[in-house]
1. Taking other Cβ within 10 Å of each residue's Cβ, how do 252, 146, 109 sort, fewest first?
2. If contacts are Cα pairs under 8 angstrom and at least 6 residues apart, what is the relative contact order of the stretch 197-296 in percent?
3. Sequence gap at least 6, Cα distance under 8 Å: using those rules, report the relative contact order of the stretch 26-154 to the nearest whole percent.
4. Below 8 Å between Cα atoms, with a sequence gap of 6+, how large is the relative contact order for the chain in percent?
5. Taking 0.36 nm per residue of sequence separation and subtracting the Cα-Cα distance, how much length would be gained by fully extending the chain between residue 50 and residue 94, in nm to one decimal?
6. What fraction of the DSSP beta bridges in the chain is antiparallel, stated in percent and rounded to the nearest 5?
7. Please give the length that would be gained between residue 218 and residue 12 if that part of the chain were fully extended, namely 0.36 nm times their separation in residues minus their C-alpha to C-alpha distance (nm, one decimal).
8. What is the distance in Å between the Cα centroid of the stretch 255-328 and that of the stretch 27-104?
């Protein structure tokens, strides 16, 4: 179902024109996803700060000549966007609202991998009235995590129904260095953004209680996966996702946590960072971010790793229940980083769904139903982003970290 803010059905949805504008040349732009669009769309244009930068990124991806290049000069994008085009924002989240505003004005569709922000939500109803599709939360996290959550909840409902005495849901995702260093991290995206996120309070359900943490890292716990130890902590506000994932009203949630996963030893290695972040002094945090980026960059020789763990345990009053879990564990190679593949591939598939006219006008996320989630996951499995599923029935097992 489309988001509640977009319940107005348009008189006529804008048909996709076949042209895709890919805005941004950063490290989350992967060759697998962009190649898919070049194969499917009639025309793909990559927009960078300069044409040279866009052309250079295409060359790095092995896609020279497969897409056009444009410079994101003042007014240049507005001059080219037409009704039915699809504008894909790979820019920082603060830039999305302006691009969506242009899309709504021109009758073009919009896609990004970021969380729904208030400015995006505010424009969603008008987008729906004009027949414009707004696709959000369609990358890795948010994105693939949503798909796995929908799948688990549907499986659990089929197994135990809509009444349960105890339900534990956890979803943890992390971009890691494949070979952990002393810092237990390498920066593959804006360092200031990584540090600033640590100052965003989290809200979640744990041990049958709704909790908040002003400094999320203070709630870090060990997390065991397949014989390997990690550390996890809650981030953002998990509670609204209870409704987004369609958790039955008759399930009593004793744990519901969405968060970040790090290599074991991260908490101790980052203690000096936390001291600065805790001050809230933006200048000091920015200076530290610059220093850390120089000390721990991701280089061409480094290989990254993406680990996503989503688990659900449901127990009835009689003690019987069901437990299921998905694990995505992918390491990058010389042709593409794991993060770029896991972000751009699901996003690109979502764009093909817009091209096919399969998504409704207004606000959409990676999947709004288990049926749609299954479609996305089958595609990802077929294209090298495979999530391994395990389940158990009988006596419910805990899923918390």
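1. Taking fewest neighbouring Cβ atoms as first place, the list is 252, 146, 109.
2. 27
3. 17
4. Relative contact order for the chain comes out at 24 percent.
5. 13.8 nm
6. Taking every DSSP beta bridge with both residues in the chain, the antiparallel ones total about 60 percent.
7. Between residue 218 and residue 12, full extension yields 69.2 nm more.
8. Taking the Cα centre of each part, the stretch 255-328 and the stretch 27-104 sit 30 Å apart.
Read-outs throughout are calculated quantities, based only on the coordinates presented, and are distinct from any laboratory measurement. Owing to the predicted nature of the structure, the values given are computational and were not obtained by experimental measurement. Don't worry about glycine lacking a Cβ; one is built from the backbone with ideal geometry, like all the others, and counts go over all protein chains shown.
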